[in-house]
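Every number in this text was worked out from the coordinates using simple rules, so none of it is lab data. Quick caveat: nothing in here was measured; it's all calculated off a predicted structure. Glycine also receives a Cβ, built like all others from the backbone with ideal geometry; neighbour counts cover every protein chain displayed.
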Amino acid sequence: MRKRVFSGIQPTGTLHVGNYFGAVRNWAAMQDEYDCVIGIVDYHAITIDIDPDELRSASIAMALDLMACGIDPERTILIVQSDVPTHTELSWILSSVTSYGDLTRMTQFKDKSAKQEFVSAGLFTYPVLQAADILLYRAHGVPIGEDQVQHLELSRRIARRFNSRFGEYFPEPEPVVGKGARIMSLADPSIKMSKSAGEQHYVGVMEDEASIRKKIRSAVTDTGLEAGAEMSPGVENLFEILELSAEMLGDTSVATELRSEHEQGSLMYSALKDAVFERLMEILRPIQKRRAELEAAGNVVEILRDGARRAQAIADETIADVRARVGLGTG
Ligand code: TYM
């Protein structure tokens, strides 16, 4: 039997190249080897204030973005999370084997709650729902960027505590963290690239070329031109994006050349930025073209409904087993 993989993404905001290199391209690459379930996590999105119409259209737009990036809904089960409401039932059950103390230590909760005037209980229990997403499909692997590793560690603890209280059932999900797991903001390389930090901090996968060029040209570097100098975080980040793109395109010679120029102290950052822009656009242009075609096809909602049907079949099995083990209902 093939191993199963689950991962998720929030529908709100723009899909950026951090999401792409850190997670989405890996999801696409794993489809042949694993049974993949990918969730657009709208239940998670409502833990902060969001307009209902905006949420629904963002979920559908994200599905198009993901398919354009290579997620094939034939091979991968692609869902909008709340179309499989069993996620929430399992989440409630798992909250009883989740340590309150563990939840208080989640750094994303601390960061996010500091930015909210109203802090919902949902924001606090967010990682329990994340564990439910994964465990509902009894997933073995979870391909994620570095910022999700702490949540995954908690999911593992939750699985262990469930298993020790109710008998061995859930596999302990393993994080799958590859290269590109922490892409930094171009405008402030001390923080990760994210949708919430603001326009200038991310490069959108579907962003237009002129705007991407401008953002890359104005990326923060350093004063440069000193042989053997340590790379500043901004320059390192540009090299990382360049190398990831170049590897995907199958030709890393420009990256190697520029790296040796950097070592010799002769690298002009404008040349590095031009190379980053060119290679990145070679990756993004076909994705953007595909996005337009997929949107024109007009069948994304049907695709998501089909995904939900397939996901629900797995979810039904899991929840029946869980209810029996926990002793819920009348049987
Ligand atoms: P989200 O929507 O913030 O991000 C989706 C994926 O993109 C990765 N990522 C990055 N990788 C590299 N560099 C960056 N700057 C960067 N920013 C984001 C994230 O690590 C993530 O893998 N809580 C999750 C969604 C979720 C989930 C799950 C994930 C819900 N349930 C179950 C895995 C399994 C989130 O908010 O991801």
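The phi torsions of the range 23-35, fed into the Karplus equation with coefficients 6.51, -1.76 and 1.60 and a -60° offset, translate into couplings of 9, 4, 5, 5, 4, 5, 6, 8, 4, 6, 8, 10, 7 Hz, rounded to whole numbers, with Gly and Pro shown as x. Spherically averaged projected area of the convex hull of Cα atoms, the chain: 18.3 nm². Please find the FRET efficiency linking Asp53 to Ser99, where r is the Cβ-Cβ separation and R0 is fixed at 41 Å, and quote it to the nearest 0.05. It comes to 0.65.
Sorting Asp65, Asp53 by the number of Cβ atoms found within 10 Å of their own Cβ, with the fewest placed first, yields Asp53, Asp65. Per-residue Karplus couplings for the range 188-204, computed as 6.51 cos²θ - 1.76 cosθ + 1.60 with θ equal to phi - 60°, are listed in order as 8, x, 8, 10, 6, 5, 8, 6, 7, 6, x, 2, 6, 8, 9, 10, x Hz, Gly and Pro entered as x. Put in line by how crowded their Cβ is, counting other Cβ atoms within 10 Å and starting with the fewest, Thr76, Thr104 read Thr104, Thr76. Listed from fewest to most Cβ neighbours within 10 Å, the set Cys36, Cys69 follows the order Cys69, Cys36.
Taking 25 Å as R0, compute the FRET efficiency from the Cβ-Cβ separation of Tyr169 and Gln108 and round it to 0.05. Taking R0 as 25 Å, the efficiency between Tyr169 and Gln108 is 0.40. Coordinate range of the alpha-carbon atoms in the range 1-152 per principal axis, descending: 41, 34, 28 Å. Across the options Ala121, Ala246, His201, the greatest Cα extent toward the positive end of the charge dipole of the chain (unit charges at beta carbon of Lys, Arg, Asp, Glu) belongs to Ala121.
Note that the range 261-331, at 10 °C in a medium of 1.306 mPa s, gets a Stokes-Einstein diffusion coefficient of 91 µm²/s from its Kirkwood radius over C-alpha pairs. Placing pseudo-labels 7 Å out from each Cα toward the beta carbon at Glu263 and Ile46 gives an inter-label distance of 5.5 nm.
Each Lys and Arg contributes +1 and each Asp and Glu -1, all at the Cβ; summed about the Cα centre of the chain, the dipole is approximately 960 debye. The alpha carbons of the range 154-197 give a radius of gyration and a Dmax of 17.1, 49 Å, in that order.
Could you work out, for the range 199-292, what percent of all Cα-Cα pairs fall into each 10 Å distance bin, beginning at 0 Å and stopping at the bin that holds the largest distance? Histogramming the range 199-292 at 10 Å steps yields 16, 48, 29, 6, 1 percent. Among the chymotrypsin sites (Phe, Trp or Tyr not before Pro) in the range 64-162, those placed in a DSSP loop whose Cβ has at most 14 other Cβ atoms within 10 Å are Phe118.
Taking 28 Å as the limit for the C-alpha separation, the pairs Lys179/Lys273; Lys110/Lys273; Lys179/Lys214; Lys3/Lys115 exceed it in the case of Lys110/Lys273; Lys3/Lys115. Between Glu174 and Gly141, Val142, the built amide H atoms are under 5 Å apart, and every one of these is 5 or more places off in sequence or on another chain.
Dividing the radius of gyration of the alpha carbons in the range 79-152 by their Kirkwood radius gives 0.96 for Rg/Rh.
Rounded to the nearest 10 degrees, the inclination of helix 52-68 to the longest alpha-carbon principal axis of the chain is 60 degrees.
Restricting the GluC sites (Glu not before Pro) of the range 55-146 to loop positions (DSSP other than H, G, I, E, B) with no more than 13 neighbouring Cβ atoms within 10 Å leaves Glu74, Glu117. Once you sort the root eigenvalues of the Cα gyration tensor of the range 192-231 as a ≥ b ≥ c, which label holds: rounded (a/c under 1.5), prolate (a/b larger than b/c) or oblate (the other case)? Verdict is prolate for the range 192-231.
Within a straight-line Cα-Cα reach of under 16 Å, Lys112 can be paired with the following lysines, leaving aside sequence neighbours fewer than 8 residues apart in one chain: Lys192, Lys195. With a/c under 1.5 counting as rounded, go ahead and sort the range 1-54 into rounded, prolate or oblate using the C-alpha gyration tensor (a ≥ b ≥ c being the square roots of the eigenvalues; past the cut-off, prolate if a/b is larger than b/c, else oblate). It comes out oblate by the Cα gyration axes. Once the C-beta distance of Ser218 and Lys115 is scaled by a Förster radius of 25 Å, the resulting FRET efficiency is 0.50 to the nearest 0.05.
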